[in-house]
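Enquirer: Sending over a structure as structure tokens; questions will come in a sec.
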Amino acid sequence: MRPSAFKELEHWYEATLHSLDSNPSKSQNNYSRLLHVYKTVFHGFSASLTSQQSQQLEKLPEVVAVFPDRLLKLHTTRSPYFLGLYEDTNNTVARPLLVESNSGSNVIIGFLDSGIWPEHPSFDDKGLDPLPAGTWKGECVEADMCNNKIIGARFFLDGYEAWKGGRVDRSPWDNFGHGTHTASIAAGRAVEGSSFSGYANGTAIGVAPKARIAVYKVCGDDGCAGSDVLAGFDKAVEDGVDIISISLGGEGAVPYDEDPIAIAAFGAMEKGVSVISSAGNSGPFLYRVSNVAPWMTTVAAGTIDRGFLADLVPEYGPVMYGASLYGGPPLYPTFLPLAYGGSCSEEGLPDESFSGKIVVCDAVKGTSAIAQEDVVRNILHGSGVVVANLKLAGKGRIAKPFSIPGLTITESDGNTIRDLIRKQNTNTNATIIFRGTDFGIGPGIEPAPAVAYFSSRGPNSKSSYVLKPDVVAPGVNILGAWIHGKFNVTSGTSMACPHVSGLAALLKGAHKDWSPAMIRSAIMTTAYTQANNGEPIINENDGTESKASDMGSGHIDPEKARDPGLVYDITPNDYAAFLCASNYTVDQIRLITNESYATEDCSRINAWDLNYPAISIDLETLDYMNRDITVKRTVTRVGDGDASYSVTVTNPKGVTLTVNPMKMDFTAGKGEKQSYAVTITATSLPKETVEGKIVWSDGKQQVVSPVVIRAY
């Protein structure tokens, strides 16, 4: 609590920092500097400190904890139709969710990102009235950036500057496109005739095209300081946003009390703000998912049913289907010699001439295909480029904007073409045919959705009883707004996240009384797990059936989320109890929850009883063969009238699930709550992860909860 001698928190914090500076005149580098003061989602400050000063500060009795700043990383003409928001491919005939929510009008999405390019037509405010008085308390630090669409724009870069050791562009303008792209995916206005070099031509439109945009620039060109992210959260909630969309995070998960995003997201959730985050791009390896706090919605990336198609056609040999965004003159019908260029880096190039040839390059992790093309074009003087993907990418083909005729192909096709070159030596000729944009299933377009190979996977390394990621959404080859008024096609969980942010805005617009947990529950329990070929969703990387650790509950289905029937709500107190049961200390809980919900009595609490829309049980540390485990859940009726729900169970392999009761009758109308218990009995459980599901249905809605059991 602030001492009475100080009128403002800033004065107290500055005095505290000054007390650490025993000899500030000795070296300016040793002088502590206040960076940010947090008052809304978190109580505290960030400062530039030496290691010694940090240790001194931590010893002060009024300080709960000190943790180091972290440098975090940043993580559609077709996808709105793919999501079922429109009846037609031109995105003009809206379905009920858009109608009921008025396309998200008066819902405010705060974007913590790299800023925005406000002059882009995706952010035109034509036809948008001002927000109702008292709705918005924010500001625009550059007034000419804002209108009735972009209603606020701020920047928080002090922490980033401390990392860089110098000044950066201090404005909300986007310097490299990421923030502009994500904002347009979630909330961009309709722009007819949009495309990238002729690809993806159509009407570009965001998921919630009338939602208002508030910009919080917290990232520089090569990262985002955690202290700045905290400041962005703090101001966004104070300003009055309804949704926070954050397409950034660390490489994997850290404990919640050390994670600025988790800490800030708790404060946002407590104020009724839904936080939607990206899962990260460290797939397809297990335990790499980031942003795993249960009070956030974590989004994995999937494909859509659109391809930017290019074919590598050898004179003698099989056609190989690839992807490209090349927009120059066609190569076909010209055939050129093929040559193998290895990694196509400036070092270690094969000793042969590549001039006038199509050069085949092996993809290199951490090196972009465009960088390899630069070597082919500028150093090798090649006339075309083929980038054979990494093995871990499987059937994934990410289209790239090559400046010479080029395409990406799978690792398997790369092996085929390399063998062909070796066998025929210098007599192998080929051409590239660019087929443009196509849809559905066919040569070069796999069944969709599939979980993108790069999408970070679970399980949740910090809370084994919380499923992460939560859902999968479109995140591969997504068209969106870019700087300088252009459009671009990019891929990543950064692109998947704003699809769900836009959906959350629509749900908030249609159901103004829904809590963040209710919104997430509606999205999770209505997700689907079958691709457009009628088969289970698969993983791009190896073609296996996607599991909950890959895609959470499944792929988002906005229309079904509009009317889920039942939801699983969670209060801040519930989350605090979960932290207590997860062995967080009193001080750690106070740090995360802003002291409001700390409890010392955890003896009767089980972490798996957090009222999450999925059940995830880690049996590794439990004597599970000698006792049953009972998991409790409570559902809230969000539909009108009476309803009777019955349960059906799909048992995981080696496990029996017993649900009690098996029927719930709702007669008290909207808001009625009922509870049930699931008894988990391990019979002959294999040493692996097994999955089942619990489905409550009234004959119309199906409320689906995945059940994940791990034993190693």
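Enquirer: Across bins of 5 angstrom width beginning at 0, how are the C-alpha pair distances of segment 503-563 distributed, in whole percent?
Expert: The distribution over segment 503-563 is 4, 19, 24, 19, 13, 11, 7, 2, 0, given as percents.
Enquirer: Taking 7 Å along the Cα-to-C-beta vector as the label spot, tell me the Ser51-Lys512 distance in nanometres, rounded to one decimal.
Expert: A separation of 5.5 nm, rounded to one decimal place.
Enquirer: Name the residue from Ser697, Pro498, Gly44 whose Cα lies farthest towards the positive end of the charge dipole of the chain, charges +1 on Cβ of Lys and Arg and -1 on Cβ of Asp and Glu.
Expert: Ser697
Enquirer: Taking Rh as the Kirkwood radius, which is the inverse of the mean 1/r over Cα pairs, what is the Rg/Rh value for the chain?
Expert: That ratio equals 0.99.
Enquirer: Follow-up question, since we're still on this one. Based only on other Cβ atoms within 10 Å, what is the fewest-to-most ordering of Arg288, Arg520?
Expert: On the way: Arg288 19, Arg520 32.
Ordered by Cβ neighbours within 10 Å, fewest first: Arg288, Arg520.
Enquirer: Please give the length that would be gained between Gln702 and Lys632 if that part of the chain were fully extended, namely 0.36 nm times their separation in residues minus their C-alpha to C-alpha distance (nm, one decimal).
Expert: 23.3 nm is the gain from fully extending Gln702 to Lys632.
Enquirer: Follow-up. Calculate the dipole size of the chain relative to its Cα centre from +1 charges on Lys and Arg beta carbons and -1 charges on Asp and Glu beta carbons; express the result in debye to the nearest 20.
Expert: It works out to roughly 480 debye.
Enquirer: Based on a Kirkwood Rh over C-alpha pairs, give the Stokes-Einstein translational diffusion coefficient of segment 374-506 at 4 °C and viscosity 1.567 mPa s in µm²/s. Could you put the intermediate results ahead of the total?
Expert: On the way: Rh = 17.9 Å.
Rounded to a whole number, D works out at 72 µm²/s.
Enquirer: On to the next question. Compute the distance in nm between two label points, each set 7 Å from the Cα along the Cα-to-Cβ direction, one at Ile433 and one at Val99.
Expert: Computed distance between label sites Ile433 and Val99 equals 4.4 nm.
Enquirer: Per-residue ellipticity at 222 nm for the chain, helices alone: DSSP H runs ≥ 4 residues times -39500 (n - 2.57), over residue total, nearest 500 deg cm²/dmol?
Expert: On the way: 16 runs with 148 residues, N = 712.
After summing the helix terms and dividing by the residues of the chain, the value is -6000 deg cm²/dmol.
Enquirer: Can you sort Phe454, Phe233 from fewest to most other Cβ atoms within 10 Å of each residue's own Cβ?
Expert: Values: Phe454 24, Phe233 32.
Ranked by crowding around the Cβ, least crowded first: Phe454, Phe233.
Enquirer: Kindly write out, for segment 257-272 in residue order, the coupling ³J(HN,Hα) from the Karplus curve 6.51 cos²θ - 1.76 cosθ + 1.60 (θ = phi - 60°), rounded to whole Hz, with x marking Gly and Pro.
Expert: With the stated coefficients, segment 257-272 comes to 6, 10, 10, x, 5, 4, 5, 5, 5, 4, x, 5, 4, 4, 8, x Hz.
Enquirer: Can I ask one more? Antiparallel versus total DSSP beta bridges in the chain: what percent is that, nearest 5?
Expert: DSSP beta bridges in the chain are roughly 60 percent antiparallel.
Enquirer: Distances longer than 17 Å among the Cα atoms of segment 603-712: what percent of all pairs is that?
Expert: Details: 3243 of 5995 pairs.
So the pairs more than 17 Å apart make up 54 percent of the total in segment 603-712.
Enquirer: Okay, next question. Write down Rg/Rh for segment 285-424, rounded to two decimals, with Rg from the C-alpha atoms and Rh from the Kirkwood relation over Cα pairs.
Expert: 1.04
Enquirer: Check the cysteines of the chain one by one and keep only those with no other cysteine Cβ under 4.7 Å from their own.
Expert: Cys497
None of the figures in this text is laboratory data; all of them are computed from the coordinates on show. Computed from a predicted structure; not experimentally measured. Glycine gets a Cβ as well: all are built from the backbone with ideal geometry, and neighbour counts include every protein chain shown.
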